[in-house]
1. Could you check the spin-label model distance between residue 222 and residue 196? Points 7 Å from the Cα along Cα→Cβ, value in nm.
2. When the Kirkwood hydrodynamic radius is evaluated over all pairs of different C-alpha atoms of the stretch 255-356, what value in angstrom, to one decimal, is obtained?
3. Report the per residue volume, in Å³, of the convex hull enclosing the C-alpha atoms of the stretch 36-116.
4. Once you place label points 7 Å from the Cα toward the Cβ at residue 24 and residue 133, how far apart are they in nm?
5. Find how many whole Å separate the alpha carbon centroid of the stretch 352-409 from the alpha carbon centroid of the stretch 98-148.
6. If R₀ is 25 angstrom, what is the calculated FRET efficiency for the pair residue 348 and residue 271, using the beta carbon separation as r and rounding to 0.05?
7. Considering only protein heavy atoms and a 1.4 Å probe, what is the carbon-and-sulfur percentage of the accessible area of the chain?
8. Please give, to one decimal in nm, the separation of the simple spin-label points placed at residue 375 and residue 69, each 7 Å out from Cα toward the Cβ.
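The values are calculated or read from the model by the stated rules, or taken from the named source; none is laboratory data. Remember, it's a predicted structure, so these values are computed and weren't measured experimentally. For neighbour counting, all protein chains shown are included, and Cβ atoms are generated from backbone atoms with ideal geometry for every residue, glycine included. Calculation scope for accessible area: heavy atoms of the full protein, side chains included, ligands and nucleic acids excluded. Shrake-Rupley method; radii C 1.70, N 1.55, O 1.52, S 1.80 Å.
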Amino acid sequence: MRFAFFAAVIAAAVVSCGLGLAGIWWGWVILAVAGPLTLLGIRDLLQSRHSLLRNYPVLAHMRWLFEGIRPEIRQYLIESDADAYPFNREQRSLVYQRAKQEQETVPFGTQMDVYKAGYSYFTHSLAPIHLDRLNFRRRVGGPDCTQPYDISLLNVSGMSFGAISANAIQALNRGAAAGGFAHDTGEGSISAHHRRYGGDLIWQIASGYFGCRTEDGMFDAEKFAATAADPQVKMVELKLSQGAKPGHGGVLPASKITPEISKTRGIPMGKDCVSPSAHPAFSTPDALVAFLAELRRLSGGKPVGFKLCVGHPHEFMAICKAMIAAETYPDFIVVDGKEGGTGAAPVEFTNSLGMPLREGLHFVHMTLVGAGIREHIRIGASGKIISGADMAAALALGADWCNAARGFMFAIGCIQARACHTNRCPTGVATQDPTRQRGLVVEDKYRRVANFHGNTLRGFAEMLGAMGLDDPSQIRPETLHIRATDPDSILHHRLAPGQLFETDCPDAFAAPWRLARADSFRPADAMDVRKSGVLAATEKQP
């Protein structure tokens, strides 16, 4: 029976050939189909790579056909509004509706299981207020910053030119200019497409130092200073790690590297562009803090900070100890959750490494509070933020502002085809194929970018008013309730200012604090830990 289909194909080929020779014209039509299928079946029987094809010649090809269209069949015909990942249909539809200025209400009630572990909700007020102000901003810049920046509460997160197309970059930046918010460049440097419409830029620098690198891939201070002096560059972000692939350098497949990208980044054509996993410019917490201070000096006093996905807790605490020892602080820290997006990453990294946003954001905020340095540093949050409720949750956990990447991708046409790494994005967002990019019309899509931003802030403001609050800074941790799944979760612990130096500090924070050392990312040895346990109260405090 395994060969029944192949036998039928052979029979059809033989019969149709006979009919054709007998002068019946449609016999040749059938042979035009059955003949190639017969040859395909013979090839399947002789090849040795796929056992399925050897056992089911011709017929087994149907498996690859259906596997190829499975995502589309599931997305359009099978999935419900609430069961797809990473973004379900309800979330994607919300972005499309807000971007197109369409009706965005839903009927009949929530589809979410409100009693499921992990479900979150906010408490509301019996005295709600109406907010006319939507342009919420936070000033970023500490005492060493001479050019502070008033950042919007929602901005475009880092997406490199190369990972996404030239037209996508132009639409995002023009939308940012129209809506008055910032556009993070991603690690691929600043291209002509970022500059075309003059939208505010956050220049992201990663371990490849694209746009400010020497020929051998090291940091070039002179190139950095020249680019950072551009008035369009409002802040500088040093990327230590990314939520979707923490501990792994950025990856741009060779198929997506064009001559323009090669020139912009300063990299060769024809080979994958993989950034180093670690920064060559520093290797210890105190050297990182000194490097950040040097970047701020070279930029002419613009806000400088770093982005990370939280990994070993003691390593972030080591950076905090280095800040305190040097009495030098970054102007901001962006916390990226492990649920964040990427154009290409190994599956082990995407699925199994890094701390999710809720825990990571809470940990960073509480560590800065417990170390007594929170007032020096602003916190940004990124990782699957797509609605006003997502923004409110991030602010309740300690963020000052939010960044979104895939939300803005949906606004310019992304359909979650998940073909970002193939250079065959069907909507022209994540491809360098000029024929595919043509489908993304900047003149239309930039308006959708600005609309999505404005309507999301409006939704956030309505939530804020329903809670009886008139400023985002008034959102407190007590406002957000999360049905707990892990009784030992770090979310259960809150620190008072300076509590890391006290003996009553919860062990979830005290233990990694004892391991942290300003001169190394390695944990302190047993002797150092014993000493730190005795001397914790006498450590230098800010």
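1. Roughly 3.2 nm, to one decimal.
2. Numbers: mean 1/r = 0.0619 Å⁻¹.
After inverting the pairwise mean of 1/r, the radius is 16.1 Å.
3. Working: hull volume 14.2 nm³, N = 81.
That works out to 176 Å³ per residue.
4. Taking the two extended label points, one gets 8.5 nm.
5. 14
6. Numbers: r = 23 Å, r/R0 = 0.90.
Taking R0 as 25 Å, the efficiency between residue 348 and residue 271 is 0.65.
7. Working: 14190 of 25170 Å².
Looking at the chain in its full context, I get 56 percent from C and S.
8. 6.4
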